[in-house]
Structure formats: structure tokens, C-alpha cells
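J.: Input: one structure, supplied below.
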């Protein structure tokens, strides 16, 4: 008998301690701020069968007691009575009617549909067949989600979090997205032999395939993957290697557009640096002097450095090739009438391509005005070749000769100083 009294006192003290806090009359959740919150755990647990539960639009409330789901409630006002929650009679032995206290965890789930959750993926090494090198790629995009099974979502995804935000969701799902997206993108590019420059044309197909691959993961978590987009696949510029590769690709594209080679770009850069350096020597006079000296230097590099300099200054497209002799005939100038080799040249007036055995441009009617040294077509008013800098003189095709300039070498066209008796480049006597 004494033991029974002790047990009853223990139960009574436990019950009184459990409900020493006031019972909550109204339970609700109103999100504050701009942060997207998907699930919220209400801090109060002391409820009764008279407690009012307010569920706002796009929300659903779940009640858990003793590890079991005891009820789901959609938008509206609900009283937590035994008629709505018959399981309370099983868990607590409540009779019908009356205000009976009990403990429960209340979860509010935000079922609003989101469309623009950002994702990005680095560390995509891909050996590109177009560039014949390994490119560090990065993929970026967005996806949309909607909670369809709140019980699965709370149990499988939210876990012990008391506030589950969009950041929590993206952090927990990053591994799945990273693994699936990296594997599928690289396989797709390798199997279909798609280069980096062409991959943008296949983003829609990649997006659809990735949505199918990722949908089961979200379904198991109680969500629906409504959209998944791959917005771009680019060179990863967050590393020094990636920035160097991106710059090299940009330079290569610019060279193809302008028709200049890498060697020409270096020579032009050297000339620009010379102009900048000389312009700092003093006022406008320094800038003019720098420009004149840079022109002379470019002319010397192109026409006076033998085969190497001239070759570096030739345009990237194929102009008629010349030999190494000093005069036009010995050099192998390709005559329009008896050309042994016919090559593409570019009109000095309209810049369109035509054959070197044609005396006139078929596009604009400009007469072929070849350089006696390299064969490049020049404008009618040009006094020096735009490619190699050789001086030009008026005359008909095949009879052109360099200008009789005592300060220009008659063999290679290099600039001479008044005191020079021999050309410092080719050794020709003045």
C-alpha cells in the first residue's frame, strides 16, 4: 500500500511539473522578413483540447506527439479537440468533452512554390577536341521546387532543424546535384563530341535530362522538382589557370577576326610600347617623334630583317609567296598572266578575297596593285606596302619597282641613315 502511494505521488508530481507552464490558447506562424523558410517548429508544446490552431494560406500544420504524427491541418482555424484528433484518446486516455491538456510538437510547413533557386558547379575538367587541351569548366543554373508530401519532408529532410530555410535545403542537396550534374554534363559532351564553343546550343537538352535524373531524389524527400535549368557552361575564371585559358581563347578569336598572327600581335605591342615610351620624353613633340620612330621600327622589322621579320609581318591569310632575291622577277612575283602558283589575295580596296591570277577584283573592280616584294594587294594611293612596308611607285602590274629613295635600301627596303655607305641589314652598297 505504501509503495502504491509513492507511485501515485510520483505520477502526480510529474504531471504537475509537465504542465506548470501556461497552456497556449492560439498557435500560429507568420513568417517575417525576406528569407525563404520552408518549415518552422513552434516553440510551445503545452496544448489542450481547447487550443486554437491558425494555419495561413500556403501553409500546412503537422502535430507530432510521442514520436507519432497525430494530425495534419490545412489553411483555416482548427480546435485541437478529441473529435478532430481521436488518437489523443489512445495516447492519453482522454474522455469525450472537457479541456484536456497534452504535449505535442507543432510544425508549420510553407508549401509555396519556388522557381529561382540558384546552383553552381565547379571542378569540371574537360579535354576539348577543338583546342586540344584540358579546360576547367563551371556550370550554373536555377531550379524550382514545391512541397507535396509534408510528412515525408519533415521526417526525411528537415530532421532536427527548428527552422528550415532555403539555405539549409541547398546545402543538404548540393551533393546530389553536384554528383549527378557533373557526371551527366561530362558524359554528354564526351559521347557526343561536343566542344566548349558548341555546348551552349545543347543547354535545353541537358536541362531536361538533369531534371529526369534528379527528380527521384526530391520525390523521396516529399518535394516535386518543377523546373531545372542549366543556364551556362563557361571557363572557370576563379583560378589563375582558368583566367589564362580564357584570355588565350579571347586572343585567338580576335586574331582570327583581324587576320593577324600571334607574332604580329607581339610586334604591334612592341611598337605601341615604343610610342608610349617616346611620348613621355616631352610634350607633343615626343609623341610625334615616337610615332615616326615606331613606324620606322615596324618598317625595319618587316622589310629589313630578312625572311624572319618579313614572315612575321605577313598577314594570316595566304598572299602570293615570294623568294629571297632583291628584284621582283627573281623573287618569284606571281604574274596574273603566267602564274605558276595561284593563291588567294585580299583586295586593297574592299578587303574581299579573290585569286592572284586576276588583274582586277571581281567584287569592286579595283586593279590588282601588288607589292613588288611580297605580292600583297595595296590601295591605289598607298606609298608603302601594308604588309611588309616596301616602298611603292606608280606603274602597271608586273613592272612595279621600288621608289628611288636614297634613304631606302634598293634591295631590302630598309631605312638608311645619311652616313651609311652599305645597308646595315642586307649589306647592299648604297
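The values are calculated or read from the model by the stated rules, or taken from the named source; none is laboratory data. All of these numbers come straight from a predicted model, not from anything done at the bench. Positions of Cβ are generated from backbone atoms using ideal geometry, with glycine treated the same way; all protein chains shown enter the neighbour counts.
J.: Which one of these is touching a strand residue (DSSP E or B) at 6+ places or on another chain (Cβ under 8 Å), crowded, with 19+ Cβ neighbours inside 10 Å, at pLDDT 80 or above and not in a strand (DSSP E or B): 413, 375?
T.: Among 413, 375, only 375 is touching a strand residue (DSSP E or B) at 6+ places or on another chain (Cβ under 8 Å), crowded, with 19+ Cβ neighbours inside 10 Å, at pLDDT 80 or above and not in a strand (DSSP E or B).
J.: To continue, here is another question. Can you confirm whether residue 152 is touching a residue at least 12 places away in the same chain (Cβ under 8 Å), assigned to a helix (DSSP H, G or I) and farther than 25 Å from residue 76 by Cα?
T.: no
J.: Sticking with this one: Scan (1) loosely packed, with under 15 Cβ neighbours inside 10 Å; (2) part of a loop (DSSP other than H, G, I, E, B) for the single condition residue 175 breaks and write down its number.
T.: (2)
J.: Look at the range 91-114 and say how many of its residues are loosely packed, with under 14 Cβ neighbours inside 10 Å and at pLDDT below 85.
T.: Here the count works out to 6.
J.: Of the conditions (1) free of Cβ contacts under 8 Å to residues at least 24 places away in the same chain; (2) assigned to a helix (DSSP H, G or I); (3) crowded, with 16+ Cβ neighbours inside 10 Å, residue 194 clears all except one; give me its number.
T.: Among (1) free of Cβ contacts under 8 Å to residues at least 24 places away in the same chain; (2) assigned to a helix (DSSP H, G or I); (3) crowded, with 16+ Cβ neighbours inside 10 Å, residue 194 violates only (2).
J.: Please enumerate the residues belonging to the range 26-40 that are surrounded by fewer than 19 Cβ atoms within 10 Å (Cβ to Cβ) and within 20 Å of residue 85 (Cβ to Cβ).
T.: Scanning the range 26-40 gives 26, 28.
J.: Same structure, new question: When you go through (1) at pLDDT 90 or above; (2) under 19 Å from the mean Cα position of the chain (by Cα) one by one for residue 152, which number turns out not to apply?
T.: Just one mismatch for residue 152, condition (2).
J.: Go through the range 128-147 residue by residue and tally those that are surrounded by fewer than 16 Cβ atoms within 10 Å (Cβ to Cβ) and over 21 Å from residue 118 (Cα atoms).
T.: Residues in the range 128-147 being surrounded by fewer than 16 Cβ atoms within 10 Å (Cβ to Cβ) and over 21 Å from residue 118 (Cα atoms): 6 in total.
J.: Please verify whether the range 17-25 includes one or more residues that are modelled with pLDDT of 85 or more and either surrounded by fewer than 12 Cβ atoms within 10 Å (Cβ to Cβ) or not assigned by TED's automatic domain parsing to the domain that holds residue 142 (or both).
T.: no
J.: Taking only the range 215-258 into account, find how many residues are in contact with a strand residue (DSSP E or B) (Cβ under 8 Å, 6 or more places away or on another chain), exposed (fewer than 13 other Cβ atoms within 10 Å of the Cβ) and over 26 Å from residue 175 (Cα atoms).
T.: 0
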